[in-house]
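Read-outs: derived from the displayed coordinates by stated rules, not from any lab. Please read these numbers as outputs of a predicted model, since none were measured by experiment. Note that each Cβ is placed from the backbone with ideal geometry, even for glycine, and that neighbours are counted across all protein chains shown.
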Amino acid sequence: MSGLCSERVAVVTGAGRGLGRAHALALAAEGAKVVVNDLGVGLDGTGGTAGPAQLVVDEIRARGGQAVAHHGDIATAEGAASLIRTAVETWGRLDTLVNNAGFLRDRMLVNLDEDDWDAVVRVHLKGHFLPLKYAAAHWRAEAKAGRVPAARVVNTSSGAGLLGSVGQGNYSAAKAGIVGLTLVAAAETGRYGVLVNAIAPAARTRMTEATFAETMAAPADGFDAMAPENVSPLVVWLGSAASAGVTGRVFEAEGGRITVMEGWRPGPTADKGGRWSPAEAGETALRLLAEATKPEPVYGG
Ligand SMILES: NC(=O)c1ccc[n+]([C@@H]2O[C@H](COP(=O)([O-])OP(=O)(O)OC[C@H]3O[C@@H](n4cnc5c(N)ncnc54)[C@H](O)[C@@H]3O)[C@@H](O)[C@H]2O)c1
């Protein structure tokens, strides 16, 4: 297959359903050979079946593409390492890693159990770190051997991580952490040919179709803005060699809209040249806040 990703090998985590499935199909349609990872868990991360990953592999092959399934848990060292190994052992290379897998356990903070905190932070944050670590180690070895890659990583944050979301303290913290991880990974791995960016998508999947039924519904006719396939073109481009020079950035992608998110930067500031008293610090903070840009509202606030 020829296309934006021909000659490239891509790994997509959580690609058995929803956005990951759409990304895997879109990468394959542009010529990439794809490792389709999915543990096949329920909406809350429990259970597990090989079915979803294999179905997407079958779909890619039926369209003339190349794909293999990987059923490991990407938030374990063994699952993440074997995922990267699967790409290298099957096709002799790895070019693109799309970190996407995850699940939700929404509760207000006062009702959020330690288990629900741990499970959600683990799958998103550790589930991004570990595949990234093993992929980056592979790419560093390639660069040292004189084969500097045009490697790409696309991480998946969320509006919940960027702005906060009521009832999603665990998820928002993990998705904000993914932005921090993206910035560090971009700074550390650029020297050996790796570009790392993040998206904050919105689309109709099992994760959103019940909670936001009205916003997510498909129209009777016309552009189906919330179809997950609308997010994938940006992922394909960021995952291709064509995105040279773009790294450490966060994009919102929803329907027909792509937005560059502008991150934390210093706003109004004051320096006394010595230590403030608490009362002075408070007065100064209020004066600076009055000059500052108002924050975007928290989702559901
Ligand atoms: N749908 C949205 O509007 C939206 C908005 C913001 C962010 N996101 C993020 O996009 C990503 C994809 O979400 P989705 O909406 O497609 O959800 P989804 O539930 O349809 O797909 C997620 C997939 O990840 C898999 N998975 C879960 N834990 C795994 C693990 N440990 N190892 C391997 N696979 C695992 C699941 O089996 C599932 O198939 C998630 O990171 C989600 O937080 C989605």
**Request:** For every helix of n ≥ 4 consecutive DSSP H residues, a contribution of -39,500 (n - 2.57) applies; sum these over the chain, divide by its total residues, and give [θ] at 222 nm rounded to the nearest 500 deg cm²/dmol.
**Result:** -12000 deg cm²/dmol
**Asked** Applying the Karplus parametrisation 6.51 cos²θ - 1.76 cosθ + 1.60 with θ = phi - 60° to the phi angles of the stretch 99-115, what ³J(HN,Hα) value in whole Hz is obtained for each residue in order, glycine and proline being reported as x?
**Response** 8, 9, 4, x, 8, 10, 9, 6, 7, 5, 3, 5, 9, 7, 6, 4, 4
**Message:** Classify the stretch 136-212 from the C-alpha gyration tensor, please: rounded if a/c falls under 1.5, else prolate or oblate depending on whether a/b exceeds b/c.
**Reply:** prolate
**Request:** Kindly express, to the nearest 10 degrees and within the range 0 to 90, the angle between helix 77-91's C-alpha long axis and the longest C-alpha principal axis of the chain.
**Result:** 40
**Calculated P(r) of the stretch 1-139 - Cα pairs past 25 Å, %** = 25
**Item:** Distance histogram for the stretch 9-261 (every C-alpha pair counted, 10 angstrom bins, percent rounded to whole numbers)
**Value:** 8, 33, 39, 17, 3, 0
**Request:** Evaluate Rg over Rh across the stretch 58-206, taking Cα atoms for both radii and Kirkwood's formula for Rh.
**Result:** 1.01
**Request:** Could you tell me the distance between the Cα centroids of the stretch 9-73 and the stretch 265-280, to the nearest Å?
**Result:** 51
**Fill in**
Nearest 10, in degrees from 0 to 90: the angle of helix 127-144 to the longest Cα principal axis of the chain is 70
**Request:** Collect residues whose amide H, placed 1.01 Å from N in the peptide plane, falls under 5 Å from the amide H of residue 98; neighbours closer than 5 in sequence don't count.
**Result:** 11, 12, 13, 154
**Prompt:** Mind checking the angle between helix 278-291 and the chain's longest principal axis? C-alpha axes, 0 to 90 degrees, to the nearest 10.
**Reply:** 60
**Complete:** When 107, 8, 265, 147 are arranged by how many other beta-carbons sit within 10 Å of their Cβ, fewest first, they go 265, 147, 107, 8
**Request:** Would you kindly state how much longer the chain becomes between residue 223 and residue 293 on full extension, computed as 0.36 nm times their sequence separation minus their alpha carbon distance, in nm to one decimal?
**Result:** 21.8 nm
**Prompt:** Evaluated at 4 °C with a viscosity of 1.567 mPa s, what Stokes-Einstein diffusion coefficient in µm²/s does the stretch 158-301 have when Rh comes from the Kirkwood expression over alpha-carbon pairs?
**Reply:** 72
